[in-house]
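In what follows, a single structure is set out as structure tokens and then discussed.
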Amino acid sequence: MKLGGARATAFCANPPEGVSAALLYGEDASQVSAARDTLLLGLLGPGAEAEMRLDVLQAQGLRSDPAALDAALRAQGFFPGRRAVVVNETGDQHAETVAAALAATGPEAFLLITAGVLPSRSSLRKLFEAGEGRVAAAFYPDPPDRGALRDMLRSVGVAGGADDAALSALESVAHGMDRGSLARLVEVVSLHHSGADRPVDLATVEACAPPSSDDGMGGAAEAAVEAALSGKAARVRAELARLTARGASPVSVALASARRLRQLHALAVGGAPKAAALARLRAPDAADRAQALARHWGAARLEQGLRLMLETDAGLRGGSAAPEHALMERALLRLAAMAG
């Protein structure tokens, strides 16, 4: 069974009977770890580790000792209650070992696998999506809204909050970060702002934020959405093929696309959001290109495009049965048609 979004969270909070194995995966390792801990608490209750009802293995060790997983699953506990075996940091290179272990999983031993980003063609995902009594749950970080960003600033001692331009800049940066990296950025902002008796301003955020780079995966994803905004369908397909070859997940492409559309919308609207959006575009040619796209599309059409991308993101996270890469390609091609 394939789960995503709220369904994946609900599964971990209240695991149903009849499930004997689960794969938890996603871009944010801390989010996957939190889901793992929640699921184990629901399955085993408190004190499972002390009662030796929980075995934790690292996937790296399975390559030298593939029988270790099968042995852990077959082991008998000294205390009553359900047992679980966890394998952390797993990838497709461990799929054969995990497949053999799944065949041996009994009703008393729950097999829980964690992994990072796994593409839709992943052999590990297919083991859990298609097998009876198995669940593949995807976890992707939800972009924080302004309220969440204010809470994060308050939690590190920034009592005065941040002005609109600074919040817009933080919001833009946050879409390209996992929660751990964002938390570290907020801490740096608080240290930079220490002693000031005014809200955090745009200059402070810009001084602390990491420089953007078009050489990274985010820049490649933005190239795909810019091709769509320019109405170049063939280039959209080429950029998506390049992203797929580099291992980018459709959700990460959707997030980068939504981030770019928000930035262009801010440019189209003007005012403080425009100042924040321009501040993120250090290269003059990038700023000129972005402003030209914003003028061509206008705020209303950009808002329509952003809604399309957010709906696509929700569909990808919601465990749609349709192929994820096909969903992402269809969304960008629809965007390209709107550009025409």
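FRET efficiency for the Glu17 to Ala67 pair, using the beta carbon distance and R₀ = 25 Å, is estimated at 0.25.
With R₀ set to 22 Å, the beta-carbon distance separating Arg289 from Arg242 gives a calculated FRET efficiency near 0.70. Between Ser155 and Ser30, the modelled labels are 0.7 nm apart [label points 7 Å from Cα along Cα→Cβ]. Taking label positions 7 Å along the Cα-Cβ direction at both Ala148 and Arg334, the computed distance is 2.3 nm, reported to one decimal. Backbone N atoms of the stretch 1-40 closer than 12 Å to the 7 Å Cα→Cβ label point of Ala183 belong to residues 29-34.
Label sites at Asp201 and Gln58, each approximated as a point 7 angstrom past Cα along Cα to Cβ, lie 4.8 nm apart.
Report the calculated FRET efficiency for Arg7 and Ala99 (r = Cβ-Cβ distance, R0 = 30 Å), to the nearest 0.05.
The pair Arg7/Ala99 has a calculated efficiency of 0.75.
No value in this document is a laboratory result; all are computed from the given coordinates. Please read these numbers as outputs of a predicted model, since none were measured by experiment. Note that each Cβ is placed from the backbone with ideal geometry, even for glycine, and that neighbours are counted across all protein chains shown.
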